[in-house]
Amino acid sequence: MMKRRHFLKATGTAVAIPILLNGTRLGAMPRSALFNALNDESDRVLVLIQLNGGNDGLNMVLPVDQYDNLANVRSNILIPQDTILPMTGVTGLHPVMTGVKSLYDDARLAVVQSVGYPNQNRSHFRSTDIWTSGSPADEVWNTGWMGRYFDGLYPDYPEGYPNASHPHPFAITMGNLVSETCQGPATNFSLTLENPFTIGQIPSGQGSNAPDNPYGRELEFLRTAIAQSNAYAGAISEVVNAGSSMATYPQGRLAEQLQNVARLISGGLQTKIYVVSLGGFDTHANQAIEGAPTTGEHAELLRNLSDAMTAFQQDLQLLGLDRRVISMTFSEFGRRIRSNASNGTDHGTAAPLLLFGTCVNPQILGDNPEIGPNVSVDEGVPMQHDFRDVYGSILMDWFEVPEADVRAYLYQDFTHLPILTPCETTTSVSGEESLEIAMNVFPNPVSQQATIAFNSAGARARLSIFDAMGNEVQVIFDQRLNAGEHTLTWDASRLPAGIYFCRLLLNGRQQVRRVVKAGR
Amino acid sequence: MDRRATLAAFIGRSDSKQKRQQRRAAAPINSSLSPYAGPWGWEQAAHLLRRATFGPTKTMIETAVQNGLNGTLTQLFADQPLPAPPVNPNNATDPNVPIGETWINAPYSATVNLVGYRNQSLRGWTMGLMLNEGISIREKMTLFWHNHFAVRQITDPKFLYKYITLLRSSALGNFRQLVKDVTIDPTMLRFLNGNQSTRNAPNENYARELLELFTIGKGPAAGPGDYTNYTETDVEQMARVLTGWRDRGFNTQNPDIAVESFFTLGRHDLGNKQLSHRFDNAVIPNMAENEYAHLVDVIFQKDEVARFICRKLYRWFVYYDIDAATEVNIIEPMAQLLIANNYNIQPAMAALLGSEHFFDILNVGPMIKSPIDFVVGAFRQFSIPFPTQLLRYYNAWFQFFRFSIPMQMEYFNPPDVAGWKAYYQEPGYYRTWINAATLAPRSAFTNQLATTGYVYNTVRYLIDVLTLVDTVSDPFDPVVVIREFSELLYPQPLAQNQLDYLKEVLLPGLPDFEWTIEYNDYKANPDNANLRQAVETKLRNLVRAMLSMPEYYLS
């Protein structure tokens, strides 16, 4: 088998400029040295759990220290404070997510706070395309982020596949979705299971019963022929039969999909990516039941998610597969901070993202979002972490993609995030010298100019202003800084009155401060 | 899990052919050739046009609904002038044909190879005729006759042009006359060795196919060399009848020699030809260059000729399975109609396509589209536009002509003289189109047409999903969008779980109103690339999924 690095793209644009920090940070260490104690890279699996519709992150991972201000603007759906499952002193979980809480307690869960991208698009379709392609918000890319990765490794696919070295599909999408995540320049690297072309492999709801007449008979013939012609059908059928599942799963589509994933992995399928999904997060109305906000549609979705995640992780541990698999949730956007009158929430901006698995660096990465006392109608949770940094960190640490390639696949400004850890130990090896950024913006509210103060260990810093809709409206500073305390002046005089967020990207860490721009 | 076995167990059926035929015979209510008098709407009009053309557009179906059954039949069968001949689209090296002029009568050259580009021109032109035909049955009938009077491996496009023009001009004409004309067609003379058949060495090749494949067909073996409808003696004697014909003009560089056939009395067998009792012991005397026509008249005195061609028409336009009831209720009256009309094809064809039987629900949808139907139909149904500049559209037509080849069907190149197996090979018939080798190019084609398209000469050929969705009666309602797309693309309604599946493809995990909002946003700002892309990507996913469904393979 050819080595992966032989396929690396010779791109002139992807010049690696490693940001060397204080020498001990995880993000600066060579990836392979850190992770080569793991199994061979071909054994590693990433499971993506797509939460369709835009998940209300504020009711999933609750910023307890912002509770009073939340109560001002979303009292009809807000989880009562005494029912929140505490993770840290300032952050907790929706009460139905006892499973996720146990994953956290077992050091198998990471929460990445406020993940999004600059210039948030609030269209489901468009924002999903951005999340699956990994494109900037204002560019249309026709390939998926994992599709570009696969294309770098296997540029001839599908010509000559499957073959002896690669008998199995590179990616599998469970259910009906077309996985844009795995779309390559020429073809999609993902095989969709449980579509009209694949019958009889995994329990399927597809296709009506063909009527017993000439039309029905020809249709049945075609269905069978098409299923049999799938190049991977035989291999998958074998693997499903060889595979097993040892945990008890709850009812529901997501749990069923994840259990099938466990079966396929345990049966020996060499597939690297699985995409599963749970729909219904578009909770414009009746997100929570009036008077009983811990119940309702969103609570049911989170219960499904949490129970399925927990059962899946337990299954992997029982099967001895847990060091080979990490899983991650994502959703096209979060929802507004302020709820609407229908006990629901409308399309918003950033939201937390959950990673789980034995090799996940257990932590809550980033700060709680800051909720102001006077939240505007349009205001979403501002972005703290760029979703492409999450993707890129997985590519680097899990799939051992060189940083230069990660930049080429995603974006030049990629910043590594410490979201994975060698699984030899369950304790966090963040190794991070905790530098207190301690960003402060004053005066707040601001009318003309404000001062922004923070500490830097000496690295590149990007300081920019986002509006309530998630648009990056102003870049104040984007260059290398010396170590020490810094004070910058922000001229806000040209901005209309409203809510803004001051985001500082420093040393691979992010901090966000909410600022009110007063009228003139 | 074997769905087929489960289904069979559920309804308690066995798969024996006999039982199937019994059930099929018992099931139809409207199984006669009587004129259809039921409701006339989208379903019926779409069914008629799917079978009679290479795939109707929405507009064509609506026109047919408006014109009614009889009006549509009249339009389908209406006379129309022959198309302008194929031209030289771009070959500057042809010393005999300027660009834009036709090559069909122009000689070849001693210095430049002109066969290649002219063959491409002929094939591109043929593709263009199928792509651009309106509500007319002529192109589907022309391909029917090409399958019936199959020729292959004829390398001179001038010959092929003459041959296909004969079939096209007689597509709805007199079958007897067409057999006569094909018998001395230069291409056929070359293909079945008629041009080598002399009184000293009569070649039986054409005589045998004339009986077995072109006119009366082989009946059950009734004795040594006796096939019920004819005997080996008849093959030998008829070969003598057909001696003396030759062709000229093949690959010629002489401007004075046209592509034609000619008769040489000196090569013709002048004796009496004694046919068998299967042809009432008829004796055919020497009639020189008129003798072949007399022979065809003798063969056509047997009514079995009418039944034979009606079965082939039935398999081409309706369904492959001809059971005892269909034989009695459809084939026989259709054959009688053909005979009563002196073998003019049109009345019998109009009766078949206008019959109760044709519109019987059991006959809607069970035909697996041929590769040419599949490829041409996709371009037609989605109204994919072609450029007006000669070179560009000829080039694109030729590229698309080739798409059906890996799907195992190539115009001007059937596998053998019997035509494509789908129309005669028991027991699979249409199913012979489908195998692992042909499914891959079929799905690759529809996937690419729906997503990225094809680029030739800087023109992109791609389904315009945004225009398509605009033709829907309420494009803001995703349920209506999927229903109306389904009605255009599938012969029978989808089941609810399939409609749900498609909505999930269009709107993964989202409520219906989000489509309305996104589509509204796009319509309000059609120039906003982000909004357009958001809607377009979802529609492309939907159309790709719809074209991947096995239902789309059926007509």
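Observations, loosely collected:
- For residue A:446, the residues whose amide H sits under 5 Å from its own are A:516, A:517, A:518, ignoring neighbours fewer than 5 places away on the same chain, with H placed 1.01 Å from N.
- Chain A: relative contact order as a whole-number percent, Cα under 8 Å and 6+ apart: 22
- FRET efficiency for the residue A:238 to residue A:374 pair, using the beta carbon distance and R₀ = 56 Å, is estimated at 0.40.
- A simple rule links phi to the HN-Hα coupling: the Karplus curve 6.51 cos²θ - 1.76 cosθ + 1.60 with θ = phi - 60°, which for the range B:428-445 gives x, 6, 3, 5, 5, 5, 10, 7, 4, 6, 8, 5, 4, x, 5, 6, 4, 5 Hz, with x for Gly and Pro.
- Relative exposure of B:118, A:494, B:540, B:240, judged by other C-beta atoms within 10 Å (fewest first): A:494, B:540, B:240, B:118
- Prolate/oblate/rounded label for the range B:489-553 (Cα gyration tensor, a/c 1.5): prolate
- Shape summary: the range A:339-387 maps onto an equivalent ellipsoid whose semi-axes, from the alpha-carbon gyration tensor, are 27, 13, 9 Å in decreasing order.
- Using C-alpha pairs below 8 Å separated by at least 6 residues, the relative contact order for the range B:174-301 is 26 percent.
- Over the Cα atoms of chain B, the radius of gyration divided by the Kirkwood radius equals 1.00; this is the Rg/Rh ratio.
- Debye log10 I(q)/I(0) at q = 0.07, 0.08, 0.12 Å⁻¹ for chain A, Cα point scatterers: -0.39, -0.51, -1.15
- 3J(HN,Hα) from dihedral phi, the range A:130-141, Karplus parametrisation 6.51/-1.76/1.60, rounded to Hz, x for glycine, proline: 5, 5, 7, 7, x, 8, x, 5, 9, 10, 9, 10
- Just so you know, the Cα atoms of the range B:411-555 work out to an Rg and Dmax of 18.4, 58 Å.
- Length gained on full extension, residue B:96 to residue B:413: 111.4 nm, using 0.36 nm per residue less the C-alpha separation.
- For chain A, the longest principal axis of the Cα atoms and the long axis of helix A:253-266 meet at an angle of about 60 degrees.
- Taking every C-alpha pair closer than 8 Å and separated by at least 6 residues, the mean separation divided by the residue count of the range A:434-520 gives a relative contact order of 34 percent.
- Additional length obtainable on full extension of the chain from residue A:489 to residue A:246, 0.36 nm per residue less Cα span: 81.6 nm
- Long-range HN-HN contacts of residue A:383 with modeled amide H, under 5 Å: A:350
- Cubic angstrom per residue, convex hull over Cα atoms of the protein assembly as shown: 201
- Taking the longest Cα principal axis of chain B as reference, the axis of helix B:138-148 is set at about 50 degrees.
- Dipole magnitude of the protein assembly as shown, debye to nearest 20 (Cβ charges: Lys/Arg +1, Asp/Glu -1, about Cα centre): 1740
- Residue A:346 long-range amide H proximity, modeled H, under 5 Å: A:336, A:340
- Look at the stretch A:280-292: the mean tally of other chain Cβ atoms within 10 Å of its residues' Cβ atoms is 1.
- Net dipole in debye of the range A:472-520 [+1 Lys, Arg Cβ; -1 Asp, Glu Cβ; about Cα centre; nearest 20]: 180
- 3J(HN,Hα) from dihedral phi, the range B:199-212, Karplus parametrisation 6.51/-1.76/1.60, rounded to Hz, x for glycine, proline: 4, 7, 9, x, 9, 7, 4, 5, 4, 5, 5, 3, 7, 6
- Among beta bridges that DSSP assigns inside chain A, antiparallel share in %, nearest 5: 65
- Largest-first ellipsoid semi-axes for the range A:36-161, taking √(5λ) over the Cα gyration tensor eigenvalues, angstrom: 35, 22, 11
- Rg and Dmax of the range A:434-520, Cα atoms only, in Å: 12.4, 39
- Compared with the dominant Cα axis of chain A, that is its longest principal axis, helix A:297-318 is turned about 60°.
- With N the number of residues in the range B:174-301, Rg(Cα) / (2.2 N^0.38 Å) evaluates to 1.06.
Only the coordinates and a few stated rules stand behind these numbers; no lab work does. None of the values given here were measured: they were computed from a predicted structure. Positions of Cβ are generated from backbone atoms using ideal geometry, with glycine treated the same way; all protein chains shown enter the neighbour counts.
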